[in-house]
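Okay, so here's the structure we're looking at.
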Amino acid sequence: TALNARGGEHWHPGFAAGGVAGWAFSNGLMLDLAVVYAGNSADKITTTNGPVRQTGTQGTLATLAEVYYTLPLPKLGINTMAIIPYVGVGFGPTWSHVRTKAYFADGSINRPHGNSGANFTYEVVGGIAFPIPGLKDTAGLLDYRYLGVVNATNLRQTFEPVGGGASISGPVVPS
């Protein structure tokens, strides 16, 4: 049936913006706290019946404790021209908001929507730091982050069958 949840959601790449405050130690270790908002738009849902057209958005607010390690390339004789590469990980709670519509081939519509409770989130980071001239012990960061949310909870969905039949509502349950 079109309601079979086996498959997955596919989302377009989105954006993220946030703020970070932390401390760098002389041994290459960096610790910080970050607040990040990320958002993206829906692409499609894949079910056992194939792909389903989907529209809508999701947004996630994350608060993360992060730890990084700066790679000691200059100590190894590699000239990085004052650019400092680093890798890191983070973890913390997130809250998500989802509002989408999935359009099935028979004309039925499924509307997953709602706000999640706090969910465990993890991230993997790789990037570069570059000193800001004139600001002692301050650097700008440019990085790539993979952010994963484990079991978003408290989301609901409403299935509206074609032809005006009765709607079915209930929680979104991971399969």
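Points to keep in mind about this one:
For (1) at pLDDT 75 or above; (2) acidic (Asp, Glu); (3) within 16 Å of the chain's Cα centre (by Cα), each residue gets a yes or a no:
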position	(1), (2), (3)
8	no, no, yes
13	yes, no, yes
20	yes, no, no
33	yes, no, no
50	no, no, no
61	yes, no, yes
73	yes, no, no
91	yes, no, yes
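- From 56, 107, 114, residue being modelled with pLDDT of 80 or more and at positive phi: 56
- Residue 175 at pLDDT below 70 and either of a type in the set (Phe, Trp, Tyr) or farther than 30 Å from residue 80 by Cα (or both): yes
- Across the stretch 89-133, the number of residues qualifying as of a type outside the set (Lys, Arg) and more than 19 Å from residue 150 (Cα to Cα) comes to 18.
- Filter result for residue 80 (touching a Pro at 6+ places or on another chain (Cβ under 9 Å), over 12 Å from residue 52 (Cβ atoms) and at pLDDT below 75): yes
- The residues of the stretch 50-75 that are open to solvent by less than 30 Å² (accessible area, probe 1.4 Å) and closer than 30 Å to residue 104 by Cβ, listed by number, are 50, 52, 54, 56, 59, 60.
- Within the stretch 119-146, considering residues that are open to solvent by 70 Å² or more (accessible area, probe 1.4 Å) and hydrophobic (A, V, I, L, M, F, W, C), the one farthest from the chain's Cα centre (by Cα): 135
- Residues in the stretch 78-117 that are of a type outside the set (Asp, Glu), in a loop (DSSP other than H, G, I, E, B) and open to solvent by 70 Å² or more (accessible area, probe 1.4 Å): 4 in all.
The values are calculated or read from the model by the stated rules, or taken from the named source; none is laboratory data. Bear in mind the structure is a predicted one, so any value in this text is a computation, not a measurement. Because the Cβ atoms are built from the backbone with ideal geometry, glycine has one as well, and the counts that use them run over all protein chains shown. Quick note on the areas: whole protein, heavy atoms, side chains included, nothing else; ligands and nucleic acids left out. Shrake-Rupley method; radii C 1.70, N 1.55, O 1.52, S 1.80 Å.
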